[in-house]
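Some notes on the structure that comes next.
Nothing in this text is a laboratory measurement; each read-out follows from the coordinates by a stated rule. Just so it is clear, the structure is predicted and the values come from calculations on it, not from any experiment. Because the Cβ atoms are built from the backbone with ideal geometry, glycine has one as well, and the counts that use them run over all protein chains shown.
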Amino acid sequence: MLLPASPRVVRPARSRAVPRTLPLALAALGATLLLLGAVEIALLEAGPATPTWAVLLFPLVGWIYAAAGLLAWWRRPSNRTGAVMVGGGVAWLVAGLVNSDVTALLAAGLIAVTVPLAVVVHLLHVFPSGRLRGRLSRATVLAGYAVCLVLQAPEYLFGPPNPLQVADRHDLDRAGFWVQSAAGAAVMVVTAIILGRRLRQTPRAQRWVVGPLYVYGIIAVLFVPLTGSINELFPWGDGVPLTVTQLGLLAAVPVVFAFAVLRGGFARTGEIEELGASLGARQGGRADMRDALAGVLGDRSVALLFWVPQAGGYVDADGRPARLPDAGSDRAAVEVATAGRRVGAIVYDATLIADGRTVEAAGRVIALALDRERLTAELRVSREGLRRSRARLVEAEDRERRRISRDLHDGLQTRLVLLAVEAQRAAGDTTELRAGLEAAIAELRELVQGVMPAALTQGGLYAAAEDLADRAPVPVELDLSPGSDGLPAAVESTGWFVLSEAVTNAVKHAGARELYLSLGQIDGCLRIEVADDGVGGAAVDRGTGLRGMADRVEAHDGRLTVDSPAGGGTRIVAEVPCGS
């Protein structure tokens, strides 16, 4: 559903665009049908038991169909429902020729007298989208026309005297009547099944409009053959009241359907129903939903925004902040909610879609799917916030480690060195004092080296890697590609952490006898590789060393890969974006 209060539809004030030539063409078509109806009235001949006013009903009903269809066609040019109704008007005018005294026209009327029923069936199948959907629907409509045209043949070939009669066979005429009635009933049963299935896919808010229209149309079509069959078995009167009732019931069909098309916001309801079924069947994500929505609305620029409160408003599919278009621009938006909660918005091109009700209807259909993707966008925003916070923590930790290293190096360590010099100059035996001070200095140097090696802070990661290789207790093959220096401080610190942790693990835990260290930049990423010939069997999910390594790398949107088969050594590869 849309927002409980009137949905916020942000769109420019624009008049409804209609092709310039369409009104003229429709006016010309209407004038032509009006003229044809007038000519038909002039040619009609009332029978001895049929009053003139009853004979006039056929062209009058044809005009009603034509007028309703022309109006719907003009107001909804992209919806073919109006064209079907106009076709129904033509069918009624031709059917009315059964009352003509002109032989050729009478023959045409005899052939097409039941075609208006097939047109109503056609109208039921195309409403409200204006097009046939699915093979079964197309086949049913074709069957309806076949029943009204082909199975009508016994009526004029073997029925009462007429220009097309080949034999006076009342038995064949009646047999054909019952076959046509049974086939027509079968067509309506299939139609009812199709419409019932379609009705279940219609949004609940529209079922109360669409459902009664379907029921009325089916009753109107069934009423004619059923009452005709009853009158055939139990004749009553001269048949004029029955004919008037049948025509009156059928004449109201285009009126109510045209009203629904014009006032019910059904310009694209059929496509929107299919959109709902498609979203329910598919397992795709936001890209599938956006593409399906763009196809239904006919706007390839359609965008989906998601309401994420912790982001302070709307975000796009990638979690970036977004805002609704300003009023008066060529872009417009409809906000969508479900269960009273705002979940997102549909942004579209207002120059292509002048009627925002179509987008509102689409919003009602995709509300649940949009909410599902909103949760994904919300998670994406949270993950991005977590990534940034982790990166800030890493940077803060690095700054603190650098500060400690600098303070120890420039403060306490320097002071102890001066004390050692003073002790050497002092009188007396200061051997023990000097030895103690030298031990303290060595310990502090080790501490400084562990916190943040001087080689890293002074010479960068390249120099620190060389220093690490020199101090390692096992032989190290070092491969430093050009361009490994000049990296951001946070990236250098992460690189150093990976190098030192990997070397420590290889020596202390894997029993390695040789190491291979590689350092370089590839495609904007710092790539570090550490391989040993130890016992292998290392895994990220076991222990804190590799897990801490992975956390540090992932905090920079990097990737850590560990290949450590049992007994086959360990190979660790870290890739850290240099711009992180």
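When the Cα positions of Leu124, Tyr156, Thr202 are compared along the charge dipole of segment 111-204, Thr202 comes out farthest toward the positive end, with charges on each C-beta of Lys, Arg, Asp and Glu. Considering only Asn505, Ala464, Pro482, the residue lying farthest towards the positive end of the dipole of segment 458-577 is Asn505, judged by Cα position with unit charges set on Cβ. Classify segment 458-577 from the C-alpha gyration tensor, please: rounded if a/c falls under 1.5, else prolate or oblate depending on whether a/b exceeds b/c. In terms of gyration-tensor shape, oblate.
With the cut-off at 1.5 for a/c, could you classify segment 284-391 from its C-alpha gyration tensor as rounded, prolate or oblate?
prolate
Placing one equal scatterer on every Cα of segment 91-232 and applying the Debye formula, the log10 ratio I(q)/I(0) at q = 0.13, 0.17 Å⁻¹ is -0.61, -0.94. Applied to segment 23-33, the Karplus parametrisation 6.51 cos²θ - 1.76 cosθ + 1.60 on θ = phi - 60° returns per-residue 3J(HN,Hα) values of x, 5, 5, 5, 5, 5, 5, x, 4, 5, 5 Hz, with x for Gly and Pro. Other residues with beta-carbon under 14 Å from the beta-carbon of Ile522 carry, at +1 per Lys or Arg and -1 per Asp or Glu, a net charge of -2.
Modelled spin labels at Arg559 and Leu249, positioned 7 Å past Cα toward Cβ, are 6.9 nm from each other. So which trypsin sites (Lys or Arg not before Pro) in segment 466-539 are both in a DSSP loop and have at most 13 other Cβ atoms within 10 Å of their Cβ? Here the trypsin sites (Lys or Arg not before Pro) that fit, given the DSSP loop and packing criteria, are Arg513. Listed values for segment 326-343 are Karplus-derived 3J(HN,Hα) couplings in whole Hz (6.51 cos²θ - 1.76 cosθ + 1.60, θ = phi - 60°), namely 6, 5, x, 8, 7, 9, 9, 8, 10, 7, 10, 9, 9, 6, x, 9, 6, 10, and x replaces Gly and Pro.
The amide H of Leu526, built 1.01 Å from its N in the peptide plane, has Val576, Cys578 as neighbours under 5 Å, considering only residues 5 or more places off or on other chains. 3J(HN,Hα) along segment 101-107, derived from phi through the Karplus expression 6.51 cos²θ - 1.76 cosθ + 1.60 where θ = phi - 60°, amounts to 9, 8, 4, 5, 5, 4, 4 Hz, with x in place of Gly and Pro. For segment 470-534 and segment 113-178, what is the centre-to-centre distance using only Cα atoms, to the nearest Å? For segment 470-534 versus segment 113-178, the Cα centre distance is 85 Å. Taking amide H atoms as placed 1.01 Å from N in the peptide plane, the amide H of Gly344 lies under 5 Å from those of Trp307, Val336, each 5 or more residues away in sequence or on another chain.
Dipole check for segment 284-391: with +1 at the C-beta of Lys and Arg, -1 at the C-beta of Asp and Glu, and the Cα centre as origin, the magnitude is about 580 Debye.
Using +1 on the beta carbon of Lys and Arg, -1 on that of Asp and Glu, and nothing else charged, what's the dipole of segment 125-213 about the Cα centre, debye to 20? In total the dipole reaches around 960 debye.
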